[in-house]
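The values are calculated or read from the model by the stated rules, or taken from the named source; none is laboratory data. Given the structure is predicted, the values throughout are model-derived calculations rather than measurements. When we count neighbours, we look across all protein chains shown, and the Cβ atoms used for this are built from the backbone with ideal geometry, even at glycine.
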Amino acid sequence: MLAVQHCNNSALHVDEGFSNQTQQVLGVAPVRCRENLNTTTNPTAAGLSMTLGIVSNIIALIILAKAYARLRKRSKATFLLFASSLVATDLAGHVIPGALVLRLYISGTAGGLCNQSDATCHFLGGSMVFFGLCPLFLGCVMAAERCMGVTRPLLHARMVCTAHTKIVLVMIWLLALSVALLPFFHLGTYIYQFPGTWCFINVLDNTSITDVIFVLLFSGLGLAALAVALVCNTISGVTLVIARLRKKKCHRRSAKSHDIEMVAQLVGIMVTSCICWSPLLIFGLMSVIRSYSGSMGDDLETYRTLMVMGVRLATWNQILDPWVYILLRRAVLKKIYRITTGRSDLKGSTFRRWEISSFQNSMKSVINRN
């Protein structure tokens, strides 16, 4: 998805007057078409956002691919497969809807008819729902998998494998696709949204009960995924802290370094998703409920602005997700530690102990398999 740009309200098409006159003759309330579209809108900001997202996700994919090839037989392989799928989905979420939006900008056909939709709008709206739900579902499943790995390592070793991970990934994509396709079965509708440069679920104008159900499903699934991720990451973090404290008191071996690293990355992904997606999910619910109940009144412009702000924030989730993984790796944290402390020798440091612990666990795993 791309960042949505504001457009001027002054650019009206010549056919608007004829259309409104025709509607008045027929006794239908006039509908202002393309009321927010400025044909001179500069697509530079959208192009820069798309480029930044693509570059960020490609860098993260390269790093993840190298790490997965190196750690394929270790417990971190499942996490890396999920993370790679998350980054690949974010990349597709920039390329597919982004290319369509840029094409509409360049051709000067962005906006369509207000309160109406066409094939382009249906595809763009479905893409936004699909590529919006997938990262939330993936973050939720990754948090649940790591929670099991930290709290129930034996159960995790028996149940979680690469084959099961791939099945879960397919199920996640199919679930998100099923939700995105509901308007094609007349449950909800996709329409052009203010300022006419993006398509999404109808939450503001002439909403029906099916629109309310669709928004409740979309926002409910998204918020539920964030809540589950929050609970699982909290449990994982508390468990690791308790293990660390017990180690200090009883002189036991501390938690594995890659567990700490993965939970830190998951917390970063969860915080990013909450900040970026919660506004759009909540604003969508508020808007459709007020619109359907007829209590929108003079707040229509306010809710239009809130929806634009929400989709802009949601767009940044796909840009920030890869950087969470890139920056919260142990290699990067070690360099930051060296720079901030001015120490080139990591003997006795937490990073050094993490590395030794991780190496010992890897050697034991190899010996046990042989």
| query | Does at least one position in region 157-170 carry a residue that is modelled with pLDDT under 90 and in a loop (DSSP other than H, G, I, E, B)? | reply | yes
| said: Looking only at region 200-252, count every residue that is modelled with pLDDT of 95 or more and of a type in the set (Lys, Arg) and tell me the total. | reply: 0
| Any idea which of (1) modelled with pLDDT under 85; (2) in contact with a helix residue (DSSP H, G or I) (Cβ under 7 Å, 6 or more places away or on another chain) is the one Thr109 doesn't satisfy? | (2)
| message | Just to be sure before I move on: is Val288 among the β-branched types (Val, Ile, Thr) and either at pLDDT 90 or above or surrounded by fewer than 15 Cβ atoms within 10 Å (Cβ to Cβ) (or both) in the structure I sent? | response | yes
| remark: Picking from Leu102, Leu133, the residue that is surrounded by 16 or more Cβ atoms within 10 Å (Cβ to Cβ) and modelled with pLDDT under 90 would be Leu102
| message | Given the criteria at pLDDT below 90 and assigned by TED's automatic domain parsing to the domain that holds Val263, does Leu182 qualify? | response | no
